[in-house]
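Colleague: Before I ask anything, let me first share the structure, which is written out below as structure tokens.
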Amino acid sequence: MELLFLLVLVGLMAAVLISGYPVAFALPGSAILSVLIAAICGYILTGNVDYYFAHGGPTEWLSSGVTNLRGIYWEVERDTLIAIPLFVFMGMMLQRSKIAEDLLIAMAQLFGPIPGGLGISVIFVGALLAATTGILGATVVAMGLISLPAMSQNNYSHRLATGSIAASGTLGQIIPPSIVLIILADQLASAVDKAGTARQALYKEVTGNFIMPSAFAVTSTSAGEMFLGALIPGVVLVALYMIYVLIIGIHRPNLAPSVPISCKVDRYFYLRVGLTLLPPLALIFIVLGSIITGVATVNQAGAIGAAGAVVMAGYRLRIKQSNAFYPAILTLVSLGVILTLSSIFEINVKNTKSSSDVLVVIMALIAVGAFLLGLIWSGWRTYNTDNTLTEVMIEATKTTSMVFIILLGAAMLTAAFRAFGGEELVRDLLVGLPGGFWSQFIIVMLIIFILGFFLDFIEIAVVIVPIVAPILLMDPKANVTAVWLGVMIGMNIQTSFLTPPFGFALFYLRGIAPAIFRTVEIYKGVIPFIILQILALATVGSFPLLVNYLPSRNLLISDKAPPPRNPALQYCLEEYVFAQYSQNQSKLRAAIDTAVNLDISELPDDISRTLNRSFASARTVFHILHTIHGKEALVRDKSKTYRPLHTKVRSIQKQIRKLRKKIKSLTLYKENSLFDERRTIQINENIVELRKQLVSTQKLIPHNWKKENEEFVKLQKSAFQARQEYRRIVDRAYTGVSEIIKILDTTNSFRALDQDFKDLVDFIGWKDQVSATSKINALLPLVQRVGGVSDLRYALLKIRKGLNRNVVNWVKLQRAVNEVANKYDMQLSWRQKASINLLPDLINYEELIRGNMGLRQQVRLPREAALNVALCRSEHRDISLYF
């Protein structure tokens, strides 16, 4: 019966959407009505309001809605949604202030003389607008109103003109900063948690191990990573559009004729083009660059963009006045002063100690005041000129409110969908498809593509993604990253908005296009661009490197990069290091042999043993490498015959789990409900039939499965243990040397303590309790900073303890302090000799092994290693044979 009410939910939603009722209220309304109908039917027919719910009931559904409301508005982890109103305001301000129109005119003058130049200009400006708004309707309407008349006057083909405008208008879905990417990142964050839990449960079920290696965890994403991941695909798509228009202009010049420049081309022409083009480009680069470099979060970048849009609108709205650029100049100069001061001085009001510090703080305050004055001045202009600021604020508020209401409504709808068992139904349908992940993925992408005809991107992102994303991300065979899945969905949504006859971009363009542009021509015009989008989608799907590389690279070279010992990095890190061993094997072997023959007789026994153990470990590295390669070759060879068997058995086991779940569900259903005798008999017959299917399905598992599985798991475990052993060996090989170098590096600091130890001997000899205690208290932190002196520190602590007794045994203390002084003299002696005779050779050796054996012990990865690891992590690695 739950499926009946699931159909009621979907039917209600479809009917309300077709009727034209606002989506923001259609989604929660459908959920509320379907839940009420199910609860009322359950109460009337069975006396239990929860009866027709697969999970919980109306109370649990309401609780879920409250949780979602709190999650959207109060959870700190979801603060990325704050960026939505900021980016919406930024885009609308740039459009209302006619900066977009200036851009098109400037680009048309710049590219007009080349074949298809006006069309290329339209695509370029569309990409810039996409990078500022992310709102499809606003971009298409703005581009249509500005571009269509110009393209028509210059005899452009109606199909090419409308196609290029509609296609460039949809770039806002994929080119960052994009609202759809922000929403997708927010939704995927929850999906990753569910997928990770499901993968952990699968690992536990098939292996019996309770803890899954963190290297097998589902990779999460954020809005900043989504921006980085979408950057290259967006640029590729823009390049494809431009190349297509250029080819049309070259081979069919009558369809895309050149447009001669009407004005004189001189330095003033290029100055005008530069003044028009550079400010919006600079704003986009600052916004994206601040996110990419980690200087600002997505929210902070949105605030930067909004402030920059206000400053740009402030001079554009008064462009004909002589003082038009005054606020912008004041803002830029003050910002330059702030950046200069902050780069030279550490500005902190609490730490002002001198008159120069006070002067710097005063200068910074003046610069900040000037910056705020310029920003307020620009804002006042936008407020007083054509009511621009008020209209932008109203439109931005409307758009943002719509987004958040849809988020809440979709959360209510998703909760109702789950309550009626819809999520399990979708999961069973997708998991049951032949072909594994890629068949599931293609079906999901096709559904999203079709839904794009009817729903806006926000509804698709918040309704479909929470349901299907956990299923796709959980699959260990594909092992895709969340950022790749998000970018693929974003590009798919963009493609569906162009598809006739229901593409939203076509409706927007049809609404503002003159009657001379026929609807059929608009439809035909977008077809080549749809093909280009599908080509780009297939390319990104086939080469995940295009999406994954930049986020991974940015993470590994940033200040917040994970340490090289991070388990998630080990596979790629070792692949890089193994390549280094292969290239430099003879050099490393020679260096190890040289190190083994070093004269370390002057060192104490414990330090000599540490060095010898370190050199011995280094010698075994190449042997363990040979072992690893041999064992992994055995795994690869065995997997050729084992993989088909593994795939077959895991598929059968999925069916077994599904049957057991159905049996358990029916059993609970029967025990917790009151039925007549006939209904009870029917349920029992269903349970018996399912148990028969379970037995017959279990018999499908090949007889050799247990033996083959045990052999393969044994090989896998052996290869894994070899890598674990390698890590222990290289850590030991490097840390022994690095620790001795640190000890010898502090020889000068150790030598500086000579007088302190002599004074301590004198104070004890004079029986000066106060001076001796004071000297030890001053000496202990100095000794602590010197490496390899734990024995001296412990001895000093014992002496201080003896001094603090009520009755001081001066004879015993005198003997103890003499022993400490002798230890100091002996250690100083071998330290000085080793610093001269041994330290330079150890430093050379350490520098040679630092980038290979010692890489795991570094604070962060060197740039070359980070780039190689990022490249390796960008590919999706099949880990299904571990599950």
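The values are calculated or read from the model by the stated rules, or taken from the named source; none is laboratory data. Keep in mind that what you see is a predicted model, and the values were worked out from it rather than measured. As a convention, Cβ positions derive from the backbone with ideal geometry for all residues, glycine included, and neighbour counts pool all protein chains shown. Quick note on the areas: whole protein, heavy atoms, side chains included, nothing else; ligands and nucleic acids left out. Shrake-Rupley method; radii C 1.70, N 1.55, O 1.52, S 1.80 Å.
Colleague: Going through ALA215, ALA198, ALA185, ALA189 one at a time, which residue ends up being assigned to a helix (DSSP H, G or I) and open to solvent by less than 20 Å² (accessible area, probe 1.4 Å)? I'd like the intermediate steps shown before the answer.
Modeller: On the way: ALA215 fails: open to solvent by less than 20 Å² (accessible area, probe 1.4 Å); ALA198 fails: open to solvent by less than 20 Å² (accessible area, probe 1.4 Å); ALA189 fails: open to solvent by less than 20 Å² (accessible area, probe 1.4 Å).
Answer to the selection: ALA185.
Colleague: Would region 401-418 turn up any residue that is surrounded by 16 or more Cβ atoms within 10 Å (Cβ to Cβ), over 29 Å from the mean Cα position of the chain (by Cα) and not hydroxyl-bearing (Ser, Thr, Tyr)?
Modeller: There is at least one residue in region 401-418 that is surrounded by 16 or more Cβ atoms within 10 Å (Cβ to Cβ), over 29 Å from the mean Cα position of the chain (by Cα) and not hydroxyl-bearing (Ser, Thr, Tyr).
Colleague: Criterion first (under 30 Å from TYR156 (Cα atoms) and either open to solvent by less than 60 Å² (accessible area, probe 1.4 Å) or without any contact (Cβ under 8 Å) to a residue 40 or more places away in the chain (or both)) does GLU521 satisfy it?
Modeller: Numbers: under 30 Å from TYR156 (Cα atoms): yes; either open to solvent by less than 60 Å² (accessible area, probe 1.4 Å) or without any contact (Cβ under 8 Å) to a residue 40 or more places away in the chain (or both): yes.
Considered against the rule, which asks whether it is under 30 Å from TYR156 (Cα atoms) and either open to solvent by less than 60 Å² (accessible area, probe 1.4 Å) or without any contact (Cβ under 8 Å) to a residue 40 or more places away in the chain (or both), GLU521 comes out as yes.
Colleague: Evaluate region 271-287: report whether one residue or more is closer than 21 Å to ALA324 by Cβ, aromatic (Phe, Trp, Tyr) and open to solvent by 50 Å² or more (accessible area, probe 1.4 Å). Steps first, please.
Modeller: If we filter region 271-287 for residues that are closer than 21 Å to ALA324 by Cβ, which is where we start, we get 271-283.
Still in the running and aromatic (Phe, Trp, Tyr): none.
No, the conditions are met nowhere in region 271-287.
Colleague: Could you grab the pairs with beta carbons closer than 8 Å, sequence gap of 6+ or different chains, first residue in region 206-223 and under 22 Å from ARG650 (Cα atoms), second one basic (Lys, Arg) and outside any loop (DSSP other than H, G, I, E, B)?
Modeller: What qualifies is VAL206/ARG650; PHE210/LYS204; MET212/ARG199; MET212/LYS204; PHE216/ARG199; ALA217/ARG199; VAL218/ARG199.
Colleague: Going through PHE25, PHE5 one at a time, which residue ends up being surrounded by 15 or more Cβ atoms within 10 Å (Cβ to Cβ), in a helix (DSSP H, G or I) and at pLDDT 70 or above?
Modeller: On the way: PHE25 fails: surrounded by 15 or more Cβ atoms within 10 Å (Cβ to Cβ).
It is PHE5.
Colleague: I would also like to ask the following. Would you mind telling me which numbered condition in (1) assigned to a helix (DSSP H, G or I); (2) open to solvent by less than 70 Å² (accessible area, probe 1.4 Å); (3) of a type in the set (Gly, Ala, Ser) ALA561 fails?
Modeller: Of (1) assigned to a helix (DSSP H, G or I); (2) open to solvent by less than 70 Å² (accessible area, probe 1.4 Å); (3) of a type in the set (Gly, Ala, Ser), only one is false for ALA561: (1).
Colleague: All but one of (1) under 35 Å from the mean Cα position of the chain (by Cα); (2) within 17 Å of SER97 (Cα to Cα); (3) open to solvent by less than 50 Å² (accessible area, probe 1.4 Å) hold for GLY302; which doesn't?
Modeller: All conditions are met except number (2).
Colleague: If you don't mind, another one. With the requirement that a residue be over 23 Å from VAL403 (Cα atoms) and touching a Pro at 6+ places or on another chain (Cβ under 8 Å), what does region 164-200 give you?
Modeller: LYS194, ALA195, ALA198, ARG199
Colleague: Quick check on region 479-505: of everything there that is outside any helix (DSSP H, G or I) and open to solvent by 10 Å² or more (accessible area, probe 1.4 Å), which residue is modelled with the highest pLDDT? Steps first, answer last, please.
Modeller: Of all residues in region 479-505, those outside any helix (DSSP H, G or I) come to 479-481, 497-503.
Next, only the ones that are open to solvent by 10 Å² or more (accessible area, probe 1.4 Å) stay: 479, 481, 499-502.
On the way: ASN479: 89, THR481: 92, THR499: 77, PRO500: 72, PRO501: 63, PHE502: 63.
Here the residue is THR481.
Colleague: Could you go through region 229-252 and let me know if any residue there is closer than 30 Å to PHE712 by Cβ and loosely packed, with under 15 Cβ neighbours inside 10 Å.
Modeller: First, pick out the residues of region 229-252 that are closer than 30 Å to PHE712 by Cβ: none.
Taking every residue of region 229-252 in turn, none turns out to be closer than 30 Å to PHE712 by Cβ and loosely packed, with under 15 Cβ neighbours inside 10 Å.
Colleague: How many of the residues making up region 763-822 are more than 26 Å from ILE607 (Cβ to Cβ) and in a loop (DSSP other than H, G, I, E, B)?
Modeller: Result for region 763-822: 9.
Colleague: Same structure again: In region 593-608, how many are assigned to a helix (DSSP H, G or I) and either free of Cβ contacts under 8 Å to residues at least 60 places away in the same chain or closer than 22 Å to GLY788 by Cβ (or both)? If you could, list the steps in order and put the result at the bottom.
Modeller: Our first condition is that a residue be assigned to a helix (DSSP H, G or I); within region 593-608, this holds for 593-596, 605-608.
In the following step, the residues that additionally are either free of Cβ contacts under 8 Å to residues at least 60 places away in the same chain or closer than 22 Å to GLY788 by Cβ (or both) were identified as 593, 595-596, 605-608.
Summing the residues that are assigned to a helix (DSSP H, G or I) and either free of Cβ contacts under 8 Å to residues at least 60 places away in the same chain or closer than 22 Å to GLY788 by Cβ (or both) in region 593-608 gives 7.
Colleague: Which of the residues spanning region 676-720 are among the aliphatic types (A, V, I, L, M) and either in a helix (DSSP H, G or I) or open to solvent by 80 Å² or more (accessible area, probe 1.4 Å) (or both)? Talk me through it step by step, then tell me what you get.
Modeller: Within region 676-720, the first condition is being among the aliphatic types (A, V, I, L, M), and the residues that meet it are 681, 683, 687-688, 690, 694-695, 700-701, 713, 715, 719.
If the condition is that a residue be among the aliphatic types (A, V, I, L, M) and either in a helix (DSSP H, G or I) or open to solvent by 80 Å² or more (accessible area, probe 1.4 Å) (or both), then ILE681, ILE683, ILE687, VAL688, LEU690, LEU694, VAL695, LEU700, VAL713, LEU715, ALA719 are the ones that fit.
Colleague: Moving on. How many residues does region 609-635 contain that are of a type in the set (A, V, I, L, M, F, W, C) and either surrounded by fewer than 16 Cβ atoms within 10 Å (Cβ to Cβ) or not in a helix (DSSP H, G or I) (or both)?
Modeller: First, the residues of region 609-635 that are of a type in the set (A, V, I, L, M, F, W, C): 611, 615-616, 618, 621-622, 624-625, 628, 633-635.
Adding the requirement that they be either surrounded by fewer than 16 Cβ atoms within 10 Å (Cβ to Cβ) or not in a helix (DSSP H, G or I) (or both) leaves 616, 622, 633-634.
So the answer is 4.
Colleague: Taking the options ASP762, ASP768, ASP756, ASP791, name whichever one is open to solvent by 40 Å² or more (accessible area, probe 1.4 Å) and within 20 Å of SER829 (Cα to Cα).
Modeller: Selected residue: ASP791, the only one of ASP762, ASP768, ASP756, ASP791 that is open to solvent by 40 Å² or more (accessible area, probe 1.4 Å) and within 20 Å of SER829 (Cα to Cα).
Colleague: Scan ARG877, ARG831, ARG785, ARG800 and give me the residue that is open to solvent by less than 60 Å² (accessible area, probe 1.4 Å) and among the basic types (Lys, Arg).
Modeller: Result of the check over ARG877, ARG831, ARG785, ARG800: ARG831.
Colleague: When you scan region 81-131 for helices (runs of 4 or more DSSP H) that lie fully inside it, which ones turn up with 3 or more residues that are in contact (Cβ under 8 Å) with a residue 12 or more places away in the chain and under 19 Å from VAL236 (Cβ atoms)? Even if it seems obvious, please write down each step before you answer.
Modeller: On the way: elements: 83-96, 99-111, 117-130.
Qualifying helices (runs of 4 or more DSSP H): 117-130.
Colleague: Could you list, in sequence order, all residues of region 352-384 that are farther than 18 Å from PRO327 by Cα, open to solvent by less than 80 Å² (accessible area, probe 1.4 Å) and among the polar types (S, T, N, Q)?
Modeller: THR352, SER354, SER356, listed by residue number.
Colleague: Provide a single number: the residues in region 569-592 that are touching a residue at least 40 places away in the same chain (Cβ under 8 Å), among the charged types (D, E, K, R) and open to solvent by 70 Å² or more (accessible area, probe 1.4 Å).
Modeller: 2
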